[in-house]
Amino acid sequence: MNNGKTISLKSVLWRVLRNPIVKDITYEEAAEITLEYIKSLGAPLIFGQKTEIVEINEHKGAVPLDLVTIQGVRFLGEETCDYDCAVPMRYASNLYHTNPNEHNDTGIVDSKFKEFTYIIQNGIIQTSIEKGFVEISYKAIMTDDEGFPMLVDNEKVIRGLVYYIIFTYIEGLWSVG
């Protein structure tokens, strides 16, 4: 049962590193084994809601590295504006986007019949907007101050993880003699 409490993966790794048999394991190796364990067990990482403003140049921008799933995207203009002028964007059903850069008589982008669209591929957001800023609202893996993922604070899961890391590391050493 999830009690809402969390623990940093760093705390779990400290418990592992206290064991003298695995004193030479690196954080990277332990983190890789942890990911394998979490996937196989189905133990949840803690996800949180985040927003980030991404600059778009030549229709492209880099998405946040901790992005898990996108909740929504909106166009903020060619210069960041207050949130009153933000225009929601729609995920493009294919790679063809409409051109929203047609202006009306006042010089303002006329979005009356235009849709602002985006797609995500290989860590890049591609938009129908050539240049400007978009705000991405997304679910992200929660991390501590040092960037370690947060886990559900469940002693059975944590103890199992500690022993799984130790077992996997020792199994590798045993197989090479």
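The values are calculated or read from the model by the stated rules, or taken from the named source; none is laboratory data. The structure presented is a predicted model; accordingly, all values stated were derived computationally and were not measured. All Cβ positions, glycine included, derive from the backbone under ideal geometry; neighbour counts span all protein chains shown. Ligands, DNA and RNA are stripped out before the accessible areas are found, and what is left, the full protein with its side chains, is counted by its heavy atoms. Shrake-Rupley method; radii C 1.70, N 1.55, O 1.52, S 1.80 Å.
Tell me whether the stretch 72-84 contains one or more residues that are at pLDDT 90 or above and among the polar types (S, T, N, Q).
no
Going residue by residue through the stretch 49-68, is there one that turns out to be on the phi > 0 side of the Ramachandran plot, surrounded by fewer than 16 Cβ atoms within 10 Å (Cβ to Cβ), at pLDDT below 90 and not aromatic (Phe, Trp, Tyr)?
No, the conditions are met nowhere in the stretch 49-68.
From the list 21, 38, exactly one residue is assigned to a helix (DSSP H, G or I), among the β-branched types (Val, Ile, Thr) and loosely packed, with under 13 Cβ neighbours inside 10 Å. Which is it?
21
State whether one or more residues within the stretch 18-32 are among the charged types (D, E, K, R), modelled with pLDDT of 85 or more, over 13 Å from residue 150 (Cα atoms) and in contact with a strand residue (DSSP E or B) (Cβ under 6 Å, 6 or more places away or on another chain).
For the stretch 18-32, residues among the charged types (D, E, K, R), modelled with pLDDT of 85 or more, over 13 Å from residue 150 (Cα atoms) and in contact with a strand residue (DSSP E or B) (Cβ under 6 Å, 6 or more places away or on another chain): absent.
Quick check: is even one residue across the stretch 153-171 modelled with pLDDT under 85, aromatic (Phe, Trp, Tyr) and open to solvent by 80 Å² or more (accessible area, probe 1.4 Å)?
Scanning the stretch 153-171 turns up no residue that is modelled with pLDDT under 85, aromatic (Phe, Trp, Tyr) and open to solvent by 80 Å² or more (accessible area, probe 1.4 Å).
Kindly establish whether residue 5 is open to solvent by 80 Å² or more (accessible area, probe 1.4 Å), within 23 Å of the chain's Cα centre (by Cα), within 30 Å of residue 172 (Cα to Cα) and at pLDDT below 85.
no
Has the stretch 89-100 got any residue that is in a strand (DSSP E or B), open to solvent by 50 Å² or more (accessible area, probe 1.4 Å), modelled with pLDDT of 80 or more and not basic (Lys, Arg)?
Yes, there is a match, as at least one residue in the stretch 89-100 is in a strand (DSSP E or B), open to solvent by 50 Å² or more (accessible area, probe 1.4 Å), modelled with pLDDT of 80 or more and not basic (Lys, Arg).
So which pairs qualify, if the first residue must be in the stretch 135-150 and touching a residue at least 12 places away in the same chain (Cβ under 8 Å) and in a loop (DSSP other than H, G, I, E, B), the second must be open to solvent by less than 40 Å² (accessible area, probe 1.4 Å) and small (Gly, Ala, Ser), the Cβ gap must be under 6 Å, and the two must be at least 6 apart or on different chains?
From the stretch 135-150, the pairs are 142/48; 144/8; 148/8.
Within the stretch 8-18, how many residues are open to solvent by 100 Å² or more (accessible area, probe 1.4 Å) and of a type in the set (D, E, K, R)?
Summing the residues that are open to solvent by 100 Å² or more (accessible area, probe 1.4 Å) and of a type in the set (D, E, K, R) in the stretch 8-18 gives 1.
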